[in-house]
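Peer 1: What follows is a structure written as structure tokens; I'll ask about it next.
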Number of protein chains: 2
Amino acid sequence: MPTESKVDVLVLGAGPAGLMCAQGLKRAGVNVRIIDKRPKKVAAGQADGVQPRTIEVLQSYGLAERLLREGNQMHMAFYNPSPNGGIERTGRTADITAPSARYPFEVTLHQGAIEAIFLDSMRELGLEVDRPIIPTALELSHDENELRDPQSYPVKVTLKHLDFGSEGQDDTEIVYAKFVVGADGAHSWVRKTLGIIMDGEQTDYIWGVVDLIPSTNFPDIRNRCAIHSSNGSCMIIPREGDKVRLYIQLSDKDVVVDKATGRVDKEKTKVGPEELLEVARKSFSPFTIEKAGEIDWWTIYLIGQRVAQKFSVHERVFIAGDACHTHSPKAGQGMNASMNDTHNLIWKMTYVLRGWADISLLRTYEFERRKYAQDLIAFDKKFSALFSGKPRTEECQDGVSHEAFLEAFQTFGAFSCGIGIHYSPSSIPSMPNITELKHQSLTSHQTVGMRILPHVFVRAADARPFEIQDLLPANTKWKLVVFVGDIGPGKIKQIERVAKLADDLGKSTGLLKRYEDGVFEILTICATVKECLNYTDLPEVLRPHWSRVLLDDVDMFGRTGGKGYDIYGVDPSQGAIIVVRPDGYVGTVTPLEGVKDLETYFDTFLIRTL
Amino acid sequence: MPTESKVDVLVLGAGPAGLMCAQGLKRAGVNVRIIDKRPKKVAAGQADGVQPRTIEVLQSYGLAERLLREGNQMHMAFYNPSPNGGIERTGRTADITAPSARYPFEVTLHQGAIEAIFLDSMRELGLEVDRPIIPTALELSHDENELRDPQSYPVKVTLKHLDFGSEGQDDTEIVYAKFVVGADGAHSWVRKTLGIIMDGEQTDYIWGVVDLIPSTNFPDIRNRCAIHSSNGSCMIIPREGDKVRLYIQLSDKDVVVDKATGRVDKEKTKVGPEELLEVARKSFSPFTIEKAGEIDWWTIYLIGQRVAQKFSVHERVFIAGDACHTHSPKAGQGMNASMNDTHNLIWKMTYVLRGWADISLLRTYEFERRKYAQDLIAFDKKFSALFSGKPRTEECQDGVSHEAFLEAFQTFGAFSCGIGIHYSPSSIPSMPNITELKHQSLTSHQTVGMRILPHVFVRAADARPFEIQDLLPANTKWKLVVFVGDIGPGKIKQIERVAKLADDLGKSTGLLKRYEDGVFEILTICATVKECLNYTDLPEVLRPHWSRVLLDDVDMFGRTGGKGYDIYGVDPSQGAIIVVRPDGYVGTVTPLEGVKDLETYFDTFLIRTL
């Protein structure tokens, strides 16, 4: 008889999407299990670029410090054909063009090291990946009552332990799960088992990848380089330590494609890492590049650009990461989209499992993330075409010029770094009387549906500067960021408005009392300088702890902080309440008199206890 | 028969001085043992203030990150008698007034947490504190040859294991050590055994200390507050979490002093934590303060201000920390002076043990640190008198005014934060032809004998900004920081000078070859902007790795960096070589043509291999 067990969430696949999911759920106290078919974690190669928004997200779980310590940070250089033959540098620029990026660079670190950050933090929380295990069957109940009840176990998954057979143990196991997340990669077993179709197509762009420690006289080997040469295109991605990744464009003459699978037939293709490096050398001329030591990892692939038609079945089995979208790796998006998929799901699943929110909240996962995946493919098509195109030279006047490439690079900047992600209004179930956008004008620079802008404020009690994002961690709570305006000496009218807000918030059946305890955290931001305010001046409901009152002021040395009301576009004589979702995105904005609007907003998806 | 063993360095006492010493020696690969009489590490109370320079030092060992995460950072507020009775705030200011402080704040964290940072990092290196153990005898050889030979074991220490007796084991152990460090506190057994006299005297300042979580309406409870009230003086030190320490001035009527020991007789003194809090309440009026929960820790003491006459015997047994200097705790110096004592000793002892430097180098420990301790006592006398003095009021016109206190506070600022530590020239054994100060004018803002100034430069190869102190870690190496000047396009003369320097440095019997491998690290800083320089432009000896070339330029976003030559006072058309000791202090400065002077400098204390 196979072992049987129950679990709230079963995560299939321990790549970046699955690990993000499992650590976030575990951190939220959810009963979660994660399995993977590989006997060990990835050691080298694979994805390696972490975009600015993903760094912010990792920071919100307390995981960015190690990434920043171990990873490489890179900027950009462009090389194009030189009139003298070979290539020459046509420019250097920042890799990241989004002005509001808190971390204005892309970090590169091999996937194994990124997975280790998750694995070590999970271990501290008491969660390990079960491996090597594969799922062999998945059954989802058809009973509508069962599907609607978040406390039921409608998913039956059969698992096979790959390391059990030889010891005579039964290698089969049955798990009953409330929810299943399929984060099992581009060739997702979960997706195929559910019969979810991928929309899109294979491209004819073929690329080789080589990871190595180079010996070279190329002066930009530590910058991300887009090399357009008359001998082909090449991209350099510097990595942790002295490692460098080369992306090398190949032609269909070099490679044999298996027509059945649409994948490169590595057996029949005669190109190996040495041949890839030889192709790269032609692009590098007149500079030289040799390997110092062994090739670390290599691969060859065709770019597919596809999005799954559905991201879940009945909001009980979900797919995430490469299982729902594949695209070219050169813009460094894959791992980022994957981690942000499950980052979006964690808090929603947690709320439903806790009985705090209606199960319909989970529909917003597909609504928000599928839209993003479609945008990503559209972006990737443009970027890949530009990057794979011939460079413009005297002979090739319709090629891609440096200026055109640079312009496209900068136009796509906000999107590719993840800062531009913008969830549509009413992705949270629609509201009867207001929309999230009703009061958008109160925060003219903080768009509803986008992540809360980073900015440094100083704490009123001790003048210590803090990045606001660090005070809004991914701890499953909704944050009410109350910009109370200027309440310094003599600002009677604003002080009265704030007193009224405190009364509204403190009501016995009001916002702070009508849902489960622990839904909300309050952070108060005053447009008053430190000389003119004590934290004790605020009404108590707006200072649940001395650390929760901030000032829009510079620090003691004028090194950081100040002008925060401008950054968010809030008028200090008005104020505003910015509602930040547990994943760091802004849910809605209201005036200080908007507590009723907030009650309406939250009533649409939170379950009332009063 | 007692167990006998040999060790290179035996450290007696696992407080901040001993732990700093042991972790630094272990990190340098020295065979070190550390013992302590306490069965467990300190859990609460004791010292708690970490000054800016000490944070820099901890960072140089990779230990500051956790301190900054766990500790509190504080600024300053002043309260004085109000004309209406009680007290009122007369000002708020930065706690740290040294403009070059990299960390412009004092961190407070209880001693147990600080010790834990050392203990955990030592554990990773494979070193634990042996405890509970006390030394019972110490014999130092009188044989001059033995004392001069750094590889001999001239110190015999008898140890007693306090937890052995009951199991019938022999609780005695004999250790033969090359060197012994007595970091065993104000009542040092090592100091007494060596017969070293403390110069100085007891004061009549009596203070009580209470650690608690307060419930209060005092608006500056999270700032370091100097309260001068007509009912006595009080200092508030906010701590980690919600904890606060109160220093409360007592009069000799409140306390019974044991005339034999000069210490407070806690048995006969009727004052306990509740009484201390009651005294504090009088200073706080009209504000209220109550304890929320239990008193965490408390004590009462008389301030002694003393310095040991000698800091070592024959450079084989050393004393460090409270064992060589005691002073008042209110300026937050004790733990800092202690850690910086052994930080000064670590690299010197390592060089002598490795056979890289003459044993006479160890004399500079007493020369440098005793001078500092004397300055510290002089500072403490002035500060304590001001702080314990009556406040100036209408009735008390000769009291200490807010202005006088503030001025003194700011005058003492550079010293009290540790940034001002200035080792005298020729503390390194004197040099025949030059002095370290000969070329001081080449770095007009970087004083020889003071710590290397912090500043952000960008790396030439990838434009990533770095704090220079992080590139000069406490890894026992001497750093040659080569300010090559502006070597951009057309700067032919400076490029030629740099080529000549590279030739001088590369000579087969020259500076980089004549001592043991691993003495030097080179860091090159160009006064050229990133658009105009490739790291590959530098001669190879000045770029031993791509990461070792920096530019004096802003980062890609203009957020940090730039104007570094101004900070150090180096002329970009001249350049300079700044020689940084392994402990971060500047040893000497030379022009680019000064390689001969450097050879002369290092020949005075490094042992030549060629």
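The values are calculated or read from the model by the stated rules, or taken from the named source; none is laboratory data. Computed from a prediction, not measured in an experiment: that's the story for all the values here. Quick reminder, even Gly has a Cβ in these numbers, built from the backbone with ideal geometry, and neighbours come from all protein chains shown. The accessibility values were calculated without ligands, DNA or RNA, using every heavy atom of the protein model including side chains. Shrake-Rupley method; radii C 1.70, N 1.55, O 1.52, S 1.80 Å.
Peer 1: Given H placed 1.01 Å from N in the peptide plane, which residues other than close sequence neighbours of residue B:215 have an amide H under 5 Å from its amide H?
Peer 2: Amide H to amide H, under 5 Å and 5 or more residues apart or across chains, residue B:215 pairs with B:290, B:291, B:292.
Peer 1: Extension gain residue A:309-residue A:603, at 0.36 nm per residue separation less the Cα-Cα distance, in nm? Write out the running numbers ahead of the final one.
Peer 2: On the way: separation 294, 0.36 × 294 = 105.84 nm, distance 3.04 nm.
Once the chain is fully extended between residue A:309 and residue A:603, it gains 102.8 nm.
Peer 1: Something else about it: Relative contact order of the range A:1-144: what whole-number percent is it, with Cα pairs under 8 angstrom and at least 6 residues apart? All intermediate terms of the calculation are to be shown ahead of the outcome.
Peer 2: Numbers: 208 pairs, mean separation 46.6, N = 144.
After rounding, I find 32 percent.
Peer 1: Hey, rough spin-label estimate for residue A:281 and residue B:263, points 7 angstrom out along Cα→Cβ, what's it come to in nanometres?
Peer 2: If labels sit at residue A:281 and residue B:263, their model points lie 7.6 nm apart.
Peer 1: Can you tell me the relative contact order of the range A:339-468? Whole percent, Cα pairs under 8 Å, sequence separation 6 or more. Can you show the working numbers first?
Peer 2: Working: 89 pairs, mean separation 20.0, N = 130.
It comes to 15 percent, rounded to a whole number.
Peer 1: Buried by at least 40 Å² relative to the chain on its own: which residues of the range B:184-226 qualify, computing accessible area with a 1.4 Å probe on protein heavy atoms?
Peer 2: Relative to the lone chain, where solvent access is computed with a 1.4 Å probe, the range B:184-226 loses at least 40 Å² at B:219, B:222.
Peer 1: Where the centre of each part is set by its Cα atoms, how far does the range B:110-152 sit from the range A:539-610, in angstrom?
Peer 2: The distance from the Cα centre of the range B:110-152 to that of the range A:539-610 comes to 53 Å.
Peer 1: Using a 1.4 angstrom probe on the protein heavy atoms only, line up B:607, B:359 by accessible area, largest first.
Peer 2: Sorted by accessible area, descending: B:607, B:359.
Peer 1: Using a 7 Å offset from the Cα along the Cα-to-Cβ direction at both residue A:251 and residue B:70, what is the distance between the two label points in nm, to one decimal?
Peer 2: Between residue A:251 and residue B:70, the label points sit 6.3 nm apart.
Peer 1: Before I look further, what does chain A give for accessible area per residue, probe 1.4 Å, in whole square angstrom?
Peer 2: Values: 23040 Å² over 610 residues.
Heavy-atom SASA per residue in chain A reads 38 Å².
Peer 1: Follow-up. In terms of solvent-accessible area of protein heavy atoms at a 1.4 angstrom probe, what is the ranking of B:557, A:602, highest value first? Could the numbers behind the result be given before it?
Peer 2: Working: B:557 70, A:602 0 Å².
Sorted by accessible area, descending: B:557, A:602.
Peer 1: Suppose R0 equals 41 Å. What FRET efficiency, 1/(1 + (r/R0)^6) with r the Cβ-Cβ distance, do residue B:534 and residue A:475 give to the nearest 0.05? Can you show the working numbers first?
Peer 2: On the way: r = 46 Å, r/R0 = 1.12.
With a Förster radius of 41 Å, E is 0.35.
Peer 1: Let me check against my output: what whole-number percent is the relative contact order of chain B, with C-alpha pairs under 8 Å and at least 6 apart? Intermediate values should be presented prior to the final figure.
Peer 2: On the way: 1340 pairs, mean separation 90.8, N = 610.
Relative contact order of chain B: 15 percent.
Peer 1: Same structure, new question: Round to a whole angstrom and tell me the spacing of the C-alpha centers of the range A:40-62 and the range A:218-233.
Peer 2: A separation of 25 Å, based on Cα centres.
Peer 1: For the range A:458-493 and the range A:355-407, compute the distance between their C-alpha centroids and round to whole Å.
Peer 2: 36 Å
Peer 1: How much accessible surface does residue B:455 have with a 1.4 Å probe, in Å² rounded to 10?
Peer 2: It works out to around 30 Å².
Peer 1: Could you please point out the chain B residue with its Cβ nearest to the axis of the rotation taking chain B onto chain A, and the distance in whole angstrom?
Peer 2: Result for the B and A rotation: B:65, 4.
Peer 1: How big a patch of accessible area, both sides summed and in Å² to the nearest 100, lies buried between B and A at a 1.4 Å probe?
Peer 2: Approximately 3100 Å² gets buried when B meets A.
Peer 1: For residue A:83, go 7 angstrom from Cα along the Cα-to-Cβ vector, then report the distances to that same point in the other copies in nm, smallest first.
Peer 2: 8.0
Peer 1: For residue B:290, which inter-copy label distances result when the label point lies 7 Å beyond Cα on the Cα-to-Cβ vector, reported in nm to one decimal and in ascending order?
Peer 2: Here the equivalent label points are 7.9 nm apart from this one.
Peer 1: Please work out the FRET efficiency for the pair residue A:130 and residue A:186, using the Cβ-Cβ distance as r and a Förster radius of 25 Å; give the result to the nearest 0.05. Please list the in-between numbers first.
Peer 2: Working: r = 22 Å, r/R0 = 0.88.
That gives a FRET efficiency of 0.70.
Peer 1: If you don't mind, there's one more thing I want to ask. Give the shape of chain A as rounded, prolate or oblate, defined through the alpha-carbon gyration tensor: a ≥ b ≥ c are the square roots of its eigenvalues, a/c under 1.5 means rounded, and otherwise the shape is prolate if a/b is larger than b/c and oblate if not. Before the final figure, lay out each step's value.
Peer 2: Working: a/c = 2.14, a/b = 1.30, b/c = 1.64.
The shape class here is oblate.
Peer 1: Would you mind listing the distances between the residue A:492 label point and the same position in each other copy? Use 7 Å along Cα-to-C-beta, nm, one decimal, shortest first.
Peer 2: 7.7
Peer 1: Considering only DSSP states other than H, G, I, E and B, which trypsin sites (Lys or Arg not before Pro) in the range B:13-85 qualify as loop sites with at most 14 other Cβ atoms within 10 Å?
Peer 2: In loop regions of the range B:13-85 (DSSP not H, G, I, E or B), the sparsely surrounded trypsin sites (Lys or Arg not before Pro) are B:40.
Peer 1: Return the FRET efficiency for the residue pair residue B:156, residue B:404: r is the Cβ-Cβ distance, R0 is 60 Å, and the value is rounded to the nearest 0.05. Each step should come with its number before you reach the end.
Peer 2: Numbers: r = 54 Å, r/R0 = 0.90.
Efficiency at R0 = 60 Å is approximately 0.65.
Peer 1: Next up: Which trypsin sites (Lys or Arg not before Pro) does the range A:460-510 hold that lie in a coil by DSSP with at most 14 other beta carbons within 10 Å? Mind dumping the intermediate values first?
Peer 2: Numbers: sites: A:477, A:479, A:491, A:493, A:497, A:500, A:507; in loops: A:477, A:491, A:507.
Filter output for the range A:460-510: A:507.
Peer 1: Within the range B:135-235, which chymotrypsin sites (Phe, Trp or Tyr not before Pro) sit in a loop by DSSP and count at most 15 neighbouring Cβ atoms inside 10 Å? Display every interim value, and only then the final one.
Peer 2: Values: sites: B:164, B:176, B:179, B:189, B:205, B:207; in loops: B:164.
For chymotrypsin sites (Phe, Trp or Tyr not before Pro) across the range B:135-235 that sit outside H, G, I, E and B with at most 15 neighbouring Cβ atoms in 10 Å, the list reads B:164.
Peer 1: Relative to the isolated chain, which residues of the range A:457-486 have their accessible area cut by 30 Å² or more in the presence of all protein chains (1.4 Å probe, heavy atoms, no ligands or nucleic acids)?
Peer 2: A:461, A:462, A:464
Peer 1: Would you mind finding the longest exposed-site-free stretch of chain B, with exposed GluC sites (Glu not before Pro) meaning DSSP loop and at most 15 other Cβ atoms within 10 Å? Could you put the intermediate results ahead of the total?
Peer 2: On the way: sites that count: B:128, B:240, B:267, B:294, B:394, B:395, B:516, B:593.
Answer from the scan: B:1-127.
Peer 1: Given a 1.4 Å probe and every protein chain left where it sits, what share in percent of the accessible area of the range A:228-302 is carbon and sulfur?
Peer 2: Details: 1880 of 3780 Å².
About 50 percent, which is the carbon plus sulfur part of the accessible surface.
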